[in-house]
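What follows is a short report on a single structure.
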Amino acid sequence: MKTEAMSRYAARRSQLTDASVPPGVVLEAAGDLLRRATRLGTEGVEEALRGLGRPEVETWLQAQKPQALQPVLLRAAEEAMEVALDGGEEAEVWRASALEGLAARDRAASQAFALAAWEGLHGDLQGDAARNRDRFLASLGSLDALLLPRARWFIPLNPQRRQEQALLEPAEQDKAWWFGARAGCDDLVATWTSGPQSPTPHIQDCAECRADIADTAPVDAPPRRHLTRDDLWRFDMGLMTADERERVDAHTARCGECAQAVLALGEGDDAIEEALEMDEGDAGVARSARSSRAPVSQRPSSARHPEQREVLEERRDFRVVLVRERQRVRLLVQPLAGRAVTAAVFLSPGRPSLKPTNGPEGLSFDLSSASATGARSAHLSVQVGNETLERDFAF
């Protein structure tokens, strides 16, 4: 690989004397050789830089946009991670593409290096050209400041990165983070692709690797989250899926605070049941113990649980009411004064509206199925004569 890389850089020497090559490519080739002078020599570099005129260099500088390298390097990072996670036949394709992204950043470094050498031969740039040069260099510095802390993304390319780094002059090796940063942290890859394991000697001695592992610990073992008010309401109304109820059971088994909150819901239900049974003369009916594993529809109290109503909108000709019951949530659009009402409920833009059913109270939209999928808001459209209502609501 090192021999191949040296041959690739040595081949750039021919671009120094090619009159058809643009100024930016001449700077790239000159910088590539200057930054690897010990390995490759600098034959032809000074002549090529002397041959670049000031107008050519100033025009090239004006067109530079180093910020365009950011998406290139981010894509290279994604591809490098594919090398580690895929490991199949496509790994080499990902590797080659990711290395090309790193090479793009290195070519910009070569241009900057050669530009300084050009100024040493022709004199400093002035005016707008100097400002363009400073902007070019500052943009590269900002890009490096943003991505250097994320150099671990390129660890799967370490064998190739180390070989590229070794070709550079010592001073350039320290600057070229895209080749050198985290180039010895190969052991970290195993922590991404394998289960828990004993830390290797490198990881024990590498503060950066230990920090990376500590940063990912909350992802591998997320902190315990208490049940929210919305969780408790959906649990109490029977709107949770079976998986969600399993998670509630598992959480309350180890969290006394949330177990107490669920117990309080059960005690409230018991009090309501007892009062209703006394009113109806059904005191002998046994009550089932509350369990999040049992669907609400199987609990004796569910059919008699009082509903909660919230008036969302009231106009002269209609009223909009959100109805929360034990097993479902409904939206009612109630016509007043005998007016004809049309209405639609949309869960999100571009999705079909929910179909209403006609009942004695007006148009009814069943929101329960939407709630079970995680939807929490919708858009309502109502038309009564010349009056129109458009509003969003939460449920």
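Shape class of the range 47-192 from the alpha-carbon gyration tensor: prolate, with a/c at 1.5 or above and a/b greater than b/c.
The accessible-area ordering, largest first, of the residues TRP192, TRP233 stands as TRP192, TRP233, per a 1.4 angstrom probe.
As a test question: what accessible area, to the nearest 10 Å², does LEU121 have when a 1.4 Å probe is rolled over all protein chains in place? The value for LEU121 is about 60 Å².
Solvent-accessible area of the range 6-163 (1.4 angstrom probe, protein heavy atoms only): carbon and sulfur portion equals 53 percent. Summing Lys and Arg as +1 and Asp and Glu as -1 over all other residues whose Cβ lies under 12 Å from the Cβ of ASP32 gives a net charge of +2. Per residue, the range 1-97 exposes 55 Å² of accessible surface when a 1.4 Å probe is rolled over the protein heavy atoms with every protein chain present.
Sorted on the mean count of surrounding Cβ atoms within 10 Å across their residues, most packed first, peptides 385-394, 240-249 read 240-249, 385-394.
The values are calculated or read from the model by the stated rules, or taken from the named source; none is laboratory data. None of the values given here were measured: they were computed from a predicted structure. Reconstructed Cβ throughout: ideal geometry from the backbone, glycine too, with neighbour counts over all protein chains shown. Side chains are part of the model used for accessible areas, which takes the heavy atoms of the whole protein and leaves out ligands, DNA and RNA. Shrake-Rupley method; radii C 1.70, N 1.55, O 1.52, S 1.80 Å.
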